[in-house]
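Derivation of every value follows stated rules applied to the coordinates shown; laboratory data play no part. Small disclaimer: the values here were computed from a predicted structure and weren't measured. Cβ placement follows ideal geometry from the backbone for every residue including glycine, while neighbour counts extend to all protein chains displayed.
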Amino acid sequence: MRAPPRWPLAALLAGAAAREGAARGALGTALAERARVASERDGARDDLARQRDEAAAAAVRGAGPGPTAGALAARARHTARLEAEEARLAAILRRRQADVAAVDGQLELRRAALGAARAEVRALEARREAWRAARAKDRARADEDAVDEAVSARWGGGC
């Protein structure tokens with residue numbers, strides 16, 4: 001069987017290569033998004049740690065010498081504000097951690113899509129190489145046939 005003169009799956013390979021390129025771009029975007037979200041999470045973690053350090057330092061300071069009712073009330077309000085701020089920062093950190101988990105899920109989907117696209121391209125490239133080998137074999141056979149014809153066509157070439 002002779003291989004066709006043009007590889008019939010060239011358009012499929014071009015489409016698969018385009019899908020692979022798009023998958024690579026999507027993976028790059030997802031990696032950048034992951035880095036951005038992780039940076040925000042780390043910032044929230046640092047903010048919470050600073051807030052906890054500030055609350056611990058305020059607890060160590062105490063009310064001072066000869067605490068009065070006004071000083072104790074002010075200290076209680078300050079402590080309540082510190083606790084509220086800590087709770088707010090902890091909620092932000094939880095949201096950032098959830099964002100990172102969601103982006104990680106998208107990242108895995110993008111990696112899987114890139115793997116599938118790359119596998120498709122490799123399969124088509126393997127078929128193209130097999131087609132090229134068949135074309136080379138056909139050309140070699142045609143060259144041999146041409147040589148045999150030339151030898152047979154000579155005077156005295158046929159036995």
Furthest towards positive pole of dipole, A57, A38, A71, structure part region 1-73, Cβ charges = A38
Using the alpha-carbon atoms, what tilt in degrees (0 to 90, nearest 10) does helix 10-61 show relative to the longest principal axis of the chain?
-> 10 degrees
So the angle from the long Cα axis of helix 69-153 to the longest Cα principal axis of the chain, reported in degrees to the nearest 10, equals 0 degrees
Quotient of Cα radius of gyration and Kirkwood radius for region 66-106, i.e. Rg/Rh, equals 1.42
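Could you tell me the calculated FRET efficiency between D138 and A116, based on Cβ-Cβ distance and R0 = 41 angstrom, to the nearest 0.05?
0.80
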Find how many whole Å separate the alpha carbon centroid of region 113-152 from the alpha carbon centroid of region 27-83.
-> 69 Å
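At 37 °C and 0.692 mPa s, what whole-number value in µm²/s does Stokes-Einstein give for the translational diffusion of region 25-159, with Rh from the Kirkwood sum over Cα pairs? Mind showing how you got there, number by number?
Values: Rh = 22.2 Å.
The calculation lands on 148 µm²/s.
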Kindly state, to the nearest 0.05, the FRET efficiency for L9 paired with V147, given R0 = 25 Å and r defined as their beta-carbon distance.
-> 0.20
